[in-house]
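Q: Below is one structure. I have some questions about it.
Throughout, read-outs are computed from the coordinates displayed, never taken from laboratory work. Not measured: the values here are computed from a predicted model. Heads up, the Cβs are rebuilt from the backbone with ideal geometry, glycines too, and the neighbour counts pull from every protein chain shown.
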Amino acid sequence: MATGGRADMTAAELAELYLKQFDFTYEEHVLSYGPYALTIWEEWISDDPERAWPVFTEILARRRDDEILAQVGYRLQLLIARHWDDFHERAEELVRDTPRFARIVGDDFFEPPREIPLDLDELVEAYLLMTHHAHDAHRVRDVVQADLARGLSLAVEIIHRGPRHGFGSFDTFDVLRDVLEAHGAAVIDAVEELAATSVLVRRCLWRLKPGENARRPREGAVAEVWRRAIAAHGTSTDYTDDDAPLPEPRTLPDEDEALIRAWFGYQENLAAFEAMRSLDAETLWTVILRLLDRAEGQTIFNIAAGPLEDLLAGQGLQFIDRLAEEAPRNEKLRTAMTGVWLNEGDEVYSRFTALLQELNLDAT
């Protein structure tokens, strides 16, 4: 099979290459099998969709397990999002004719793409909630690393409460992974026991597989811990075991209940971070002023180090005069300005530093 070049690669060759690299994605394996198939496939999806289409059918002709169907589904969604008119009917037929595929892609997979109007009130509220919960949410990892029993309890409760927050294994498996990273052999027996009775834990262990394939192979006793952890998922995936009862949450000590509430509060509003980074500069300036109007204490400096810094780093010359006009009458903006860090040496840095001096502000 020739895999050395992209120009003359057939759909069948790319499908074969993709499947080899899917199970052995660590860089050494990728390089040993030639060019990176997923990159090529996604380039075809974007720029040459008719060439990309037979790759879907070639892959599914060779393999149809849940892992492959989920990944093919992501690429199929990318295809119809960019080329809806030409491909949604073919894509619907492919999903319909492939066992379990409809279950994996979900009921709303074939909704036509549509613009959802941006609600600035909702964005501001979500960003403030995210920053409010951030400190305690990040403390969960500290607890996990410091205390095996407490960390495992937090991980299990986050996993078991996930469905009540609309979260699946993709959203909740990280904490269990942190427990295994921190405690390894000391916790693997307990993890296997939990997996035997909890379908939600098994689904999270299933989620560990791609990450393990993508990293440098572990060695010795550590490798055995991770082999056992992944094996403990059995045949469970996100798309199996519908008849298994979901575990009832347990009540933890007040301090840990507070950490779990913070973890969910942070994760549920985390999308506001990316949404903020996608705003045009004029809208971002408006949102920054609205955020600062409601912010107190450390949140002001979170806004400074986040959206305000991003605005000045990206569009500083456009907004430095507006900043100079607004700052004298806006105490919170002046406070935020002391927490902004910019690269020295460029014009924005020079003008911003001069403005700080003019306002008698000291950068933190």
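Q: Between Arg294 and Leu361, what's the calculated FRET efficiency when r is the beta-carbon distance and R0 is 30 Å? Round to 0.05.
A: On the way: r = 22 Å, r/R0 = 0.72.
For Arg294 and Leu361, the calculated efficiency is 0.90.
Q: About the Cα centre, and with charges only on the beta carbon of Lys, Arg (+1) and Asp, Glu (-1), how big is the dipole of the chain? Nearest 20 debye, please.
A: Details: 38 positive and 69 negative charges, 168 e Å.
It comes to approximately 800 debye.
Q: Same structure, new question: For helix 281-294, what angle does its Cα long axis make with the longest principal axis of the chain, in degrees from 0 to 90 and rounded to 10?
A: 70 degrees
Q: Can you give the angle from 0 to 90° between the axis of helix 309-326 and the longest principal axis of the chain, with both taken from C-alpha atoms, to the nearest 10?
A: So the inclination is approximately 20 degrees.
Q: Hey, in the GNM for the chain with a 10 angstrom Cα cutoff, which one of Gly339, Gly184, Gly166 fluctuates hardest?
A: Comparing Gly339, Gly184, Gly166 in the GNM, the peak value goes to Gly166.
Q: For the stretch 108-171, what does the alpha-carbon gyration tensor say about shape, rounded, prolate or oblate, given a ≥ b ≥ c as the root eigenvalues, a/c under 1.5 as rounded, and a/b over b/c as prolate?
A: On the way: a/c = 3.83, a/b = 1.66, b/c = 2.31.
Oblate.
Q: So, one more: Find which of Ala11, Ala81, Thr57 sits farthest along the positive direction of the dipole of the stretch 11-105, computed with +1 on the beta-carbon of Lys and Arg, -1 on that of Asp and Glu, about the Cα centre.
A: Projecting each Cα onto the dipole axis, the largest value belongs to Thr57.
Q: Relative to the longest principal axis of the chain, what angle (0 to 90°, nearest 10) does the C-alpha long axis of helix 169-183 take?
A: The helix 169-183 is inclined about 90 degrees to the chain.
Q: Contact order normalised by length for the stretch 17-161, with contacts defined as Cα pairs under 8 Å and 6 or more residues apart; what percent is it? Before the final figure, lay out each step's value.
A: On the way: 67 pairs, mean separation 18.6, N = 145.
With pairs under 8 Å counted, the relative contact order is 13 percent.
Q: Another question about this same structure. In whole Å, what are the extents of the stretch 247-352 along the principal axes defined by its C-alpha atoms, from largest to smallest?
A: Reported extents, whole Å, longest axis first: 57, 26, 25.
Q: Once you sort the root eigenvalues of the Cα gyration tensor of the stretch 138-268 as a ≥ b ≥ c, which label holds: rounded (a/c under 1.5), prolate (a/b larger than b/c) or oblate (the other case)?
A: Details: a/c = 1.65, a/b = 1.19, b/c = 1.39.
Because a/c hits 1.5 or more and a/b fails to exceed b/c, the stretch 138-268 counts as oblate.
Q: Residue-wise, which Karplus ³J(HN,Hα) couplings in Hz belong to the stretch 337-353, taking 6.51 cos²θ - 1.76 cosθ + 1.60, θ = phi - 60°, and x for glycine or proline?
A: Karplus-based 3J(HN,Hα) across the stretch 337-353 equals 4, 6, x, 8, 10, 10, 5, 5, x, 9, 5, 4, 4, 5, 6, 5, 4 Hz.
Q: Using a/c under 1.5 as the rounded threshold, could you call the stretch 11-105 rounded, prolate or oblate? The axes a ≥ b ≥ c are square roots of the C-alpha gyration tensor eigenvalues, and prolate needs a/b larger than b/c, oblate otherwise.
A: On the way: a/c = 2.13, a/b = 1.39, b/c = 1.53.
Here the stretch 11-105 falls in the oblate category.
Q: Which GluC sites (Glu not before Pro) does the stretch 156-252 hold that lie in a coil by DSSP with at most 14 other beta carbons within 10 Å?
A: Qualifying residues, ordered by number: Glu219.
Q: Please report, in whole Å³, the volume per residue of the convex hull around the C-alpha atoms of the chain.
A: Roughly 192 Å³ of hull volume per residue.
Q: Take the alpha carbon atoms of the stretch 144-190, find their center, do the same for the stretch 231-277, and report the distance between the two centers in whole angstrom.
A: The distance from the Cα centre of the stretch 144-190 to that of the stretch 231-277 comes to 9 Å.
Q: From Cα pairs below 8 angstrom and at least 6 apart in sequence, can you work out the relative contact order of the chain, rounded to a whole percent? All intermediate terms of the calculation are to be shown ahead of the outcome.
A: On the way: 356 pairs, mean separation 52.5, N = 364.
Result for the chain is 14 percent.
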